[in-house]
Amino acid sequence: MRDNKELEKLQSLGSSVEYGFEYDKNKLEKIDNQFPNSDCMISLDAYEFTTVCPKTGQPDFAKLYINYVPDKFLVESKSLKLYLFSFRNVGAFHEDVVNIIMNDLVNLLSPKYIEVVGIFAPRGGIAIYPFASYAKIGGGYEDYKKSRQFEMLNSIMGGKINFRN
């Protein structure tokens, strides 16, 4: 169980919500992983992610999937929600967004493995599904990282892609 000393460090959880309108990686908070020897995969699904086109300012909507195997730290979920909300008025390309989120989480958590997938709604008839991943050297997931991006894309596309031929 978590002790009060650890919980008192958290700024977002249990406090009133102040939504910002600019990207703010400082919203992210971490907590200790009480089971660092267990390679538990954590999946976080953000179904209402929004950002805007950097050129036109038109809104972009996405489902984000964040999957990670923690090492010493976990991301605190309310802080993640506030962090993701901070992209709401940020002009960024889809590919940039998933890499920014992945890099911010790598810097915060130093996980054994992490992947961020964006399922962006089509605009102009084109849907974009960017995927970014990271595996800590010596963490045991380096080979998994190499194959995972193609597996994920094939899954998103409903098994219609065969990269082996």
Report task. Select from the stretch 56-72 the residues that are assigned to a strand (DSSP E or B), over 16 Å from ALA132 (Cα atoms) and open to solvent by 60 Å² or more (accessible area, probe 1.4 Å) and list them in ascending order. Result -> PRO59, PHE61
Query raised in the report: Does the stretch 31-45 hold any residues that are surrounded by 14 or more Cβ atoms within 10 Å (Cβ to Cβ) and out of contact with any Lys or Arg (no Cβ under 9 Å at 6 or more places or on another chain), and which are they?
Result: ILE42, LEU44
Query - Evaluation of ASP143 against (1) in contact (Cβ under 8 Å) with a residue 60 or more places away in the chain; (2) over 12 Å from the mean Cα position of the chain (by Cα) (one fails), failing number - result: (1)
Report summary line: Checking ARG148, ARG88 in turn, the sole residue that is open to solvent by 20 Å² or more (accessible area, probe 1.4 Å), at pLDDT below 95 and in a loop (DSSP other than H, G, I, E, B) turns out to be ARG88
Report summary line: Filtering the stretch 108-139 down to residues that are loosely packed, with under 13 Cβ neighbours inside 10 Å and in contact (Cβ under 8 Å) with a residue 60 or more places away in the chain yields ALA121
**Report entry** Test: residue in the stretch 47-55 that is assigned to a loop (DSSP other than H, G, I, E, B) and either open to solvent by less than 30 Å² (accessible area, probe 1.4 Å) or in contact with a Gly (Cβ under 7 Å, 6 or more places away or on another chain) (or both)
**Finding:** yes
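The values are calculated or read from the model by the stated rules, or taken from the named source; none is laboratory data. Keep in mind that what you see is a predicted model, and the values were worked out from it rather than measured. Ideal geometry is used to build each Cβ from the backbone, glycine not excepted, and the neighbour counts take in all protein chains shown. Calculation scope for accessible area: heavy atoms of the full protein, side chains included, ligands and nucleic acids excluded. Shrake-Rupley method; radii C 1.70, N 1.55, O 1.52, S 1.80 Å.
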